[in-house]
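Accompanying notes for the structure given below.
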Amino acid sequence: MSRADADAIDRLPANARTALDKLARAIGRVPLEDLLLYADRRFDAEHVRAVEAAKRIADEAGLTDGIRAAQRALADAVVQMFGQLQMRGTIMGTNITPPAGTNEDRVRMLESLGDAVTATILGDRLDPDDHSELLGLWARLLE
């Protein structure tokens, strides 16, 4: 993570950092092959409206940079987990294949995770329906 991203995350409100840490720890407990199950990114009108509302609220609250930094940090961590799995298989000579799904599925999962990060950081600043829409299936990890 870049120093600028770390600084942007550090500037997030304490409750947002706590919630983000909870999400990150929950993701870390999920077997890599199961992460694709949490992808719930849709492009219907309701989702687009929730994304736009969250962007407006983030801009008004001055949280856009922190949200983007946190999205990059979690996406980088997940991508690194995929890479480590591949590296381990190569070094140990075993035939480990990437988790099921296509590259498009993994991109969709990372985009969905980005929405979940936004919902997590904005928390109750969002309308409850928008929060639920953005958090999607990732909410199951936080129960």
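Brief remarks on what is shown
- Top-ranked residue of the range 11-23 - restricted to ones that are of a type in the set (Gly, Ala, Ser) and closer than 18 Å to Ala75 by Cβ, ranked as surrounded by the fewest Cβ atoms within 10 Å (Cβ to Cβ): Ala19
- Matching residues, the range 100-131, being more than 11 Å from the chain's Cα centre (by Cα), farther than 19 Å from Arg17 by Cα and either of a type in the set (A, V, I, L, M) or surrounded by fewer than 17 Cβ atoms within 10 Å (Cβ to Cβ) (or both): Ala100, Gly101, Thr102, Asn103, Glu104, Asp105, Val107, Asp127, Pro128, Asp129
- Apart from one condition, Ala70 fits all of (1) within 23 Å of Arg140 (Cβ to Cβ); (2) small (Gly, Ala, Ser); (3) at pLDDT below 95; the exception is (3).
- Screening the range 24-55 for residues that are of a type in the set (Gly, Ala, Ser) and either modelled with pLDDT under 85 or in contact with a helix residue (DSSP H, G or I) (Cβ under 9 Å, 6 or more places away or on another chain) (or both) and picking the one that is surrounded by the fewest Cβ atoms within 10 Å (Cβ to Cβ) gives Gly28.
- Residue in the range 78-87 that is at pLDDT below 85, in a helix (DSSP H, G or I), under 13 Å from the mean Cα position of the chain (by Cα) and closer than 20 Å to Asp5 by Cβ present: yes
- Where a residue in the range 118-130 is under 21 Å from Leu74 (Cα atoms) and free of Cβ contacts under 8 Å to residues at least 12 places away in the same chain and its partner, wherever it lies, is buried (at least 21 other Cβ atoms within 10 Å of the Cβ) and of a type outside the set (Gly, Ala, Ser), with Cβ under 7 Å and at least six apart: none
The values are calculated or read from the model by the stated rules, or taken from the named source; none is laboratory data. Not measured: the values here are computed from a predicted model. Using ideal geometry, Cβ is built from the backbone for each residue, glycine included, and neighbour counts are taken over all protein chains shown.
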